[in-house]
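The values are calculated or read from the model by the stated rules, or taken from the named source; none is laboratory data. Nothing here was measured: the structure is a model prediction, and the numbers come from that model. Reconstructed Cβ throughout: ideal geometry from the backbone, glycine too, with neighbour counts over all protein chains shown. With ligands, DNA and RNA removed, areas are computed over all heavy atoms of the protein, side chains included. Shrake-Rupley method; radii C 1.70, N 1.55, O 1.52, S 1.80 Å.
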Amino acid sequence: MVLEDNCLQESITKLFDVGSLISSVFPQYSYREGQVRLAEEVWESMKKGEVLLAEAPTGIGKTLALLVPSILAAKEGKKIVYVTSTRNLQDQVMAYHLPKLEQIFDGKVAYGTIKGRNNYVCYRKAEHELRNAGTTTSFKLDSWLKSTFCGEVDEIAALIPGEVASALAISQEDCLGSRCPFRGECFFLKLVKRAQNWDLVVTNYHFFLSHLIGAGGKFVVPVDILIFDEAHKMPEVARSVASVKVGYHNFQKPINSILSKVVPFLAGKGYVNVDRFVKSGKKFLELGKELFMLLEKSYKPGQALEGPLNSESLLRLKGEYSVISNELRKITDEDNFNPEEFPYCLEVLESFEGFKKAFDNLSWCAGFANFPSWAYWWDGSHLVSAPASVAEVLQESFENLAPHSIIAVSATLALNGDFSYWQRETNVVADRTVVIDSPFELEKQMQIWVVETNKKVTDLGYEETIAKIVEHLCDENGGRSLVLLSSLSLLRFVGEYMKSGAKKYNIYVQKEAPLSRLVASFKEDLTSVLIGSVTFREGFDVPGEGLTQVIIDRIPFDHPEDPMMKTLKVLFGRAYFRSFVLPRAKLTLKQAVGRLIRTERDRGRVVILDGRVLSRKDWKIYDSLPKVPYKKVKLA
């Protein structure tokens, strides 16, 4: 049975009624007023060409509320791009939601998913691997290349050693683009070509924004309507996409490739400058190693740069770079340089691309020329630079893309109904906003305890105080707790303290096992305690009696020495705290608090070990959290 188009156009609400077609294909479906309201708001904004910002809390069923109007719009000829945060969510939409929704619509909607380039095998690299004829790996790879449709790395990884499969992935550093002789066989380009005929494309933030920003407001497919699920992630992913990063290994690979593969060929051809070429290559690696060792000694991980780098090693590196790049340019400019005929030409192109990009990134990061619009820091092994604000680049990109409508939805997009912070971060200005009420009776299901510890983070004995409070709360609760701590040093201290004595419950600590194993163990062990950091503030979903308490050590302000915070302070002066630091901390705290109640049956308490939640009334932390009973606890 399917729904006729005229019924869809009459009222989208009918799709969500009790006993509707949706309930027939989704066995666990139940009517939710908030879900219907969100779907109606989305549909209205799509029809009117509006920008809609919506906050939809846990339990609303926002995926269906977004997809149903999207399919309706697609059936009316609109091209939809649905952007979500992770590959897992992409796969869920593709494998579960869309096939079921397809059953109830009269006429099929063409849809598909596009993941990041590095999820697909590079045909050129695969052909290079096939030169190792006769090996088991090359035989399996050859057979797979002839049969695969999508060319995904995950497919071939099930057949050949994982490290070989990973090495075959398309890489931004060495992709030859239009100059690649195998571009006609490129799995990614074939996928993009097929996607031109899709009505609905499911993708992720990193891929979407990297193309949108990198191409100046263009995407790989036409876009009429943009759907942003988990929209609170957009600014941070955009900053990551726009960032510049370089380490010593970024030079090692192209230089070693030149010395081991290109130079022997040139020597055999009687190339006159081989010795100079080799000398400059080795000298460049020596100077590069010297430079990055100096950086490691001079800066702590996460330390901001205070100005441009002017070391002698860097100046000499520039000289060797000129020699190497000039020689490579001479080779690529020769009349007989043809990558389609001579394999060594591919090695030259790949090495040249990687070498040039690495040096351009080094020059950018070392130059410090765009401070304070950009932040600059050392992360322990790389020089990194990122824009302090991505608002302008996002605004320009969206203006160039010019979609008919933009829909941005998240469980944590507003503060007490105000979307100003997200709009300021993205320069995406709403025509319409809506905050959907929680489907749960939160005031009956949870409490928030605020503990005044009488200790500042910098005070002597702070870590021990926190550890003792956590232990007492977990003992009192019989385990069943998620402990969220703001620093790895505090995490280690509390973890060791909790494990130092006998307990009636098991304790799992982040870093002591892979995250997937920790989460699985915590879910299976219903009386256990999981101690983690920022990783578990969002996307952690454990409904039921195994989680009845969430303990949060403090309001999650970014560290004042964080390079981005220091840069924002210079850029915006005293206003940076209330404009950026405070709203960011409030939204992060809101996400952490949201870990507790995931279904209508959950019960429990959130305990925040920071009295400022209530005492600093001017910060209005209380207003940004669920309206539930509070209990203030003060240590003697």
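Counting alpha carbon pairs within less than 8 Å and at least 6 residues apart, what relative contact order, in whole percent, applies to the stretch 80-191?
Details: 84 pairs, mean separation 34.2, N = 112.
Reported as a whole number, the value is 31 percent.
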*Reciprocal mean inverse distance between Cα atoms of the stretch 354-487 - Kirkwood radius, Å*: 20.7
*Per residue of the chain, what 222 nm ellipticity follows from adding -39500 (n - 2.57) for every DSSP H run with n ≥ 4, rounded to the nearest 500?*
-13500 deg cm²/dmol
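For the stretch 128-216, which trypsin sites (Lys or Arg not before Pro) are both in a DSSP coil and crowded by at most 15 other Cβ atoms within 10 Å?
Values: sites: ARG131, LYS140, LYS146, ARG179, ARG183, LYS190, LYS193, ARG194; in loops: ARG131.
Answer in residue order: ARG131.
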*With every protein chain left in place, what is the accessible area per residue of the chain in square angstrom, probe 1.4 Å?*
46
_Below 8 Å, C-alpha to C-alpha, sequence gap of six or more: please give me the relative contact order for the stretch 192-302 in percent._
22
_Normalised contact order of the chain, rounded percent, pairs of Cα under 8 Å and 6 or more residues apart_ = 17
*Rough spin-label spacing in nm, given labels placed 7 Å along Cα→Cβ, for GLU312 and ASN326*: 2.3
_Cα lying deepest toward the dipole's positive end in the chain, options LEU609, VAL534, ASN197, charges on Cβ_ = LEU609
*Rounded to whole Hz and in sequence order, give me ³J(HN,Hα) for the stretch 152-168 from the Karplus expression 6.51 cos²θ - 1.76 cosθ + 1.60, θ = phi - 60°, writing x for Gly and Pro.*
7, 4, 4, 5, 6, 5, 7, 10, 10, x, x, 5, 5, 4, 4, 5, 7
*Assuming a ≥ b ≥ c are the square roots of the Cα gyration tensor eigenvalues, decide whether the stretch 66-182 counts as rounded (a/c under 1.5), prolate (otherwise, with a/b larger than b/c) or oblate.*
prolate
_Dipole magnitude of the chain about its Cα centre (Cβ charges: Lys, Arg +1; Asp, Glu -1), debye to nearest 20_ = 1240
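About its Cα centre, what dipole magnitude does the stretch 466-599 give when the only charges are +1 on Lys and Arg Cβ and -1 on Asp and Glu Cβ, stated in debye to the nearest 20?
Details: 20 positive and 14 negative charges, 97 e Å.
Rounded to the nearest 20 debye, it is 460 debye.
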*Measuring from label point to label point, each 7 Å out along Cα→Cβ, what is the SER489 to LEU515 span in nm?*
2.4
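Whenever you get a sec, compute what percent of the accessible area on the chain sits on carbon and sulfur atoms (1.4 Å probe). The partial results should precede the final answer.
Details: 14620 of 29240 Å².
C and S fraction of accessible area: 50 percent.
Find how much the distance from LYS282 to SER381 grows on full extension, using 0.36 nm per residue of separation minus their present alpha carbon separation; answer in nm with one decimal.
Values: separation 99, 0.36 × 99 = 35.64 nm, distance 2.08 nm.
In short, 33.6 nm is gained.
Select from the chain the helices, each a whole stretch of DSSP H, whose alpha-carbon atoms run 30 Å or more along the helix axis and whose Kyte-Doolittle mean is at least 0.0; answer none if there are none. All intermediate terms of the calculation are to be shown ahead of the outcome.
Details: long enough: 274-298 (36 Å, -0.11); 312-333 (32 Å, -0.49); 343-367 (36 Å, 0.04).
Qualifying helices: 343-367.
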_Please state the shape class of the stretch 7-112: rounded when a/c is under 1.5, otherwise prolate if a/b exceeds b/c and oblate if not, all from the C-alpha gyration tensor._
rounded
*Which one is right for this structure if Rg/Rh (Cα atoms, Kirkwood Rh) is calculated from it: (i) 0.96; (ii) 1.04; (iii) 0.99?*
(iii)
*Label points 7 Å out from Cα along the Cβ direction at LYS245 and ASP154: separation in nm?*
2.2
*Would you mind putting 301-307, 394-400 in packing order, based on average other-beta-carbon counts within 10 Å, highest first?*
394-400, 301-307
_Selected from TYR120, VAL81, SER313, residue furthest toward positive end of dipole (the chain; charges at beta carbon)_ = SER313
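How would the stretch 178-329 be classified by its alpha-carbon gyration tensor: rounded, prolate or oblate, with rounded meaning a/c under 1.5 and the a/b versus b/c comparison settling the rest?
Working: a/c = 3.52, a/b = 1.46, b/c = 2.42.
Since a/c reaches 1.5 but b/c is at least a/b, the shape of the stretch 178-329 is classed as oblate.
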_Given R₀ = 51 Å, what would the calculated FRET efficiency be for ALA575 paired with THR136, taking r from the Cβ atoms and rounding to 0.05?_
0.20
_Shape metrics for the stretch 491-608, restricted to C-alpha atoms - Rg then Dmax, Å_ = 16.8, 51
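Can you give the FRET efficiency for LYS14 and LEU294, using 1/(1 + (r/R0)^6), R0 = 56 Å, r = Cβ-Cβ distance, to the nearest 0.05? Before the final figure, lay out each step's value.
Values: r = 68 Å, r/R0 = 1.22.
So, using R0 = 56 Å, E works out to roughly 0.25.
As an exercise, use a Förster radius of 35 Å and the Cβ-Cβ distance of ALA167 and LYS523 to find the FRET efficiency, rounded to the nearest 0.05.
Details: r = 34 Å, r/R0 = 0.98.
The pair ALA167/LYS523 has a calculated efficiency of 0.55.
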